[in-house]
Amino acid sequence: MHQAITDLSGNTLFELRLRQAILAAQHDVKQVGLLLIDIDATDNFPIQDSALAKEFSEKIWIRLRAVLRDSDTIVRMDDGELAVLLPSVAGTEDVIFVARKVLSKLEEPLLLEGLKFDVRPRIGIALFPEHSSNADNLVHRADIALAAAKRTRNKYVLYAHEQNNAPRAVLHMSELRRAIVADQLFLLYQPKIDLKNGLIAGLEVLTRWQHPELGLIPPDEFIPVAERTGLIIPLTLWVLHQSLLQCRAWNDMGIDIGIAVNLSMWNLEAQELPDQIAGLTKSIGMPADKLELEITESAIMGDPQRTMRTLTLIRDLGVRFTIDDFGTGYSSLAHLRKLPVTGMKIDKSFVQNMESDRDNAVIVRSIIDLGHNLGLKVTAEGVETQEAKDMLVGFECDEAQGYYYSYPIPAHEIAQLFRKPPLGPTDCSLAAASFSTITNGRNETTRDPQAALQRP
Ligand code: C2E
Ligand code: CA
Ligand code: CA
């Protein structure tokens, strides 16, 4: 089949198959799913080595075939992307399931001539007739979704009509500066669940930018701009101020909960930070131990001595530190031991496909053991399924955070969560059930990571 396809023009054959599938689906209740897959060239891949490149793409092809049905068509498009046509799917959930399966298969490192290469696939997804009623448009929509996946650094994105606007203009510093003062930024909160009792143990604060013309902009797009331009300093102070005020309001309502705010490397290099945090907690009247700060390994590596001083000063106020995205950086374990941190969060890339990827499950389990041996509380982020949650309970992970429990949600919805009858102390399944109901009810049509961003 591979031979036959490489002989034909990929796009022509694909068009033919797509039209056939659409015709068939028109007489059926089923939908047609289209996955457009882009494989990032990895840093160390010798692209100029054509023999190796050929072997690479053949191996990718074999992997795809292994997870797809015989009735699914795979085509290499003229621009190098891979298109997968699923001629009969039940709906969104079904295509996303296949996309996840494809991702976890493709993401296994590839061995070629004794060398190991990382594979970083991204997928754009569109469905007939939900997203388009004709073949050309469907490919275009999948392409828009793929572009969104690259832009937001999500592994897959399902097409949403909102994505179909003109390419986003470059974000400007002056706009971001205005956003901070003009109330265009707002905060969402995502619960972290204590896996021992199913209760909400804390809330991560995640920032969004509602741009007047460009719509909702995710932090992965504006935080880097803020970091490059130094605006990260006022932005972080704004986030700290708002979230501490919110925390205070919850506490006044009888909701005893702490918040976790993300810091970037630049924040830790600013010598005023300890005083600013002390000032904020004092003026707002929140005990500093209600505040946790999430920092990445790379944030600490910038200027280890200086950041160490800052960290220690803030820690002495009673604030706790957690290492974020653990497993993706390169910090030395010896260094890690010396840091005044009390917790670590396992990066979601290890957690998300843990059920199907044994290597990732082994990594997650090892990080949990490592964390516990260092006396740290371990949180897993990116928990999307019951299976992942169950595995984490088995590994004795302390906390879990992810779409399985709840998307990041606005403050008033957090208050509603706490108004529900309290969950039994060891009843994790009950807690999970009530959270997943919340999540599903909110978002029946899609579990697309973008969905979390599209809420008002
Ligand atoms: P992060 O600190 O790793 O935050 C977790 C991200 O994972 C959030 O993305 C969250 O929405 C997403 N997430 C949560 N559960 C799941 C899940 O089950 N599956 C998947 N696929 N994703 C999940 P978000 O909100 O887009 O934030 C992206 C990053 O932007 C954050 O990554 C953080 O590094 C940064 N960020 C967000 N707000 C701020 C901020 O106020 N200051 C700074 N410095 N960085 C921020
Ligand atoms: Ca974080
Ligand atoms: Ca993270």
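Can you give me the % of accessible surface on the stretch 177-452 that is carbon or sulfur? Probe 1.4 Å, all protein chains present, nothing else counted.
The value for the stretch 177-452 is 53 percent carbon and sulfur by accessible area.
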Below 8 Å, C-alpha to C-alpha, sequence gap of six or more: please give me the relative contact order for the stretch 177-452 in percent. 20 percent
If I take all pairs of Cα atoms in the stretch 73-190, what percentage of them are more than 18 Å from each other? 63 percent
Over all directions, how big on average is the projection of the convex hull of the alpha-carbon atoms in the stretch 191-251, in square nanometres? 5.8 nm²
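Cα-Cα over 20 Å: which of 54/116; 59/105; 101/155; 150/348; 196/377; 105/345?
Numbers: 54/116 16 Å; 59/105 11 Å; 101/155 12 Å; 150/348 17 Å; 196/377 12 Å; 105/345 24 Å.
Violating the 20 Å Cα-Cα cut-off are 105/345.
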Calculate the length of the line joining the C-alpha centroid of the stretch 215-266 to that of the stretch 72-121, in whole Å. 36 Å
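Give me the one-decimal Kirkwood hydrodynamic radius in Å for the stretch 145-262, with the sum taken over alpha-carbon pairs. Don't skip to the answer; put the middle values down first.
Working: mean 1/r = 0.0622 Å⁻¹.
One over the average 1/r among Cα pairs gives 16.1 Å for the stretch 145-262.
Under 8 Å for C-alpha pairs, at least 6 residues apart: give me the relative contact order for the stretch 5-165, rounded to a whole percent. Numbers along the way, then the final one.
Working: 257 pairs, mean separation 45.2, N = 161.
Contact order relative to length: 28 percent.
For the stretch 62-141, what percent of Cα pairs sit more than 14 Å apart? Display every interim value, and only then the final one.
On the way: 2153 of 3160 pairs.
Counting every Cα pair in the stretch 62-141, those more than 14 Å apart make up 68 percent.
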Set the Förster distance to 60 Å, then compute FRET efficiency between residue 69 and residue 181 from the Cβ-Cβ distance, nearest 0.05. 0.65
Subtract the Cα-Cα distance of residue 374 and residue 387 from 0.36 nm times their separation in residues, and report this length gain in nm to one decimal. 2.0 nm
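To the nearest µm²/s, what D does Stokes-Einstein give for the stretch 177-452 at 20 °C and 1.002 mPa s, using the Kirkwood radius over alpha carbon pairs as Rh?
Numbers: Rh = 19.3 Å.
This corresponds to a translational diffusion coefficient of 111 µm²/s.
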Work out from phi, with θ = phi - 60° and the Karplus expression 6.51 cos²θ - 1.76 cosθ + 1.60, the ³J(HN,Hα) of each residue of the stretch 395-409, listed in order in whole Hz, and give x for Gly and Pro. 7, 6, 5, 7, 9, 9, 9, x, 4, 4, 8, 6, 5, x, 10
When DSSP assigns beta bridges and you keep just the ones with both residues in the stretch 177-452, what percent turn out antiparallel, to the nearest 5? 40 percent
Quantify how much of the Cα-Cα distance distribution of the stretch 232-342 extends past 19 Å, in percent. 42 percent
Label residue 342 and residue 40 with points 7 Å out from Cα along Cα→Cβ: what is the distance between them in nm? 3.4 nm
May I ask you to work out the translational diffusion coefficient for the stretch 5-165 at 25 °C, viscosity 0.890 mPa s, via Stokes-Einstein with Rh from the Kirkwood sum over Cα pairs, reported in whole µm²/s? 153 µm²/s
Where in the stretch 202-233 does the amide nitrogen come within less than 12 Å of the point 7 Å from the Cα of residue 418, taken along Cα to Cβ? 202-203
Quick one: what do you get for the stretch 99-146 if you divide its Cα Rg by 2.2 N^0.38 Å? 1.57
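The values are calculated or read from the model by the stated rules, or taken from the named source; none is laboratory data. Since the model is a prediction, treat every value here as computed from it, not as a measurement. Note that we place each Cβ from the backbone using ideal geometry, even for glycine, and neighbour counts take in every protein chain shown. Note: accessible area is taken over every heavy atom of the protein model, side chains too, but ligands, DNA and RNA are not part of it. Shrake-Rupley method; radii C 1.70, N 1.55, O 1.52, S 1.80 Å.
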